[in-house]
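Notes follow once the structure below has been shown.
The values are calculated or read from the model by the stated rules, or taken from the named source; none is laboratory data. Just so we're clear, the structure is a prediction, and the values are computed from it rather than from any experiment. All Cβ positions, even for glycine, are placed from backbone atoms using ideal geometry, and neighbour counts span all protein chains on display. Remember, those area values only see protein heavy atoms, side chains included, never the ligands or the DNA or RNA. Shrake-Rupley method; radii C 1.70, N 1.55, O 1.52, S 1.80 Å.
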Amino acid sequence: MAQLDSASPSEGEGCPFEPGREHHFTADDESGIRTAMMCAERAAAAGDVPIGALLHVDGWMFEGWNEKEARPDPTAHAEMIVLAQAARVLGRWRIGGTLYVTKEPCAMCAGAIAAARIERLVFGCSDPKGGAAGGVIDLLASPVLNHRVAVTSGVLADETSAQLRAFFAARR
């Protein structure tokens, strides 16, 4: 599988960041979110909410998108799909790596991210209704968890938010 190129940090733009969250992101972060956005388009084409994910670990790249409607399965979130793929391919549940997601993960996905020992989460837009990485709650910063995940939020937030808004506007 392909590997993302490294680059120097650049300043995030146009998005409020939660206190304690990273304010800088790299060209790799933007590239990862752009790939996740392409995955989200696959979800939208299948009638699912356009949320996409990319997991980069040990030189592997795993892609996933929401498939709740397609399966039907309430746990078929983009994050859950890439974590399951990686666990199968890598043969382990302690996955590690960097996870890129177009929208802030929900509580279920945040719990799975911590359980999978993901090292870093990078996401696009915040979820003011159900976000569990600083939006509504911050599960990943909870002292009761036995694993800490570094979180970078707001990467291409305007674009990822627009992608979601366009999907819902087309259904009204």
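Roll a 1.4 angstrom probe over the protein heavy atoms and tell me the percent of accessible area of the chain that is carbon or sulfur.
55 percent
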For the chain (alpha-carbon point model, no solvent) the Debye-based log₁₀ I(q)/I(0) at q = 0.11, 0.20, 0.21 Å⁻¹ works out to -0.40, -1.43, -1.58
Here the relative contact order (percent) of region 48-172, from C-alpha pairs under 8 Å and at least 6 apart, is 21 percent
Note: TRP93 to ARG71 extended length (0.36 nm per residue) minus current alpha-carbon separation gives 5.6 nm
Diffing region 36-44: the Karplus 3J(HN,Hα) column from phi (6.51, -1.76, 1.60, θ = phi - 60°), in whole Hz with x for Gly and Pro, holds 4, 5, 5, 4, 4, 4, 5, 5, 4
accessible surface per residue for region 96-172, probe 1.4 Å, DNA/RNA/ligands not counted, whole Å² -> 41 Å²
One finds the C-alpha centres of region 150-164 and region 113-145 to be spaced, in Å, by 14 Å
Rounded to the nearest 500, the 222 nm mean residue ellipticity computed for the chain from DSSP H runs (n ≥ 4, each -39500 (n - 2.57)) alone is -10500 deg cm²/dmol
Residues whose modelled amide H sits under 5 Å from the amide H of THR152, counting only those 5 or more places away in sequence or on another chain, are LEU121, VAL122, PHE123
The size of the Cβ-based charge dipole (Lys, Arg +1; Asp, Glu -1) of the chain about the Cα centre, to the nearest 20 debye, is 600 debye
Computed over region 53-124, the relative contact order (Cα-Cα under 8 Å, seq sep at least six) in percent reads 31 percent
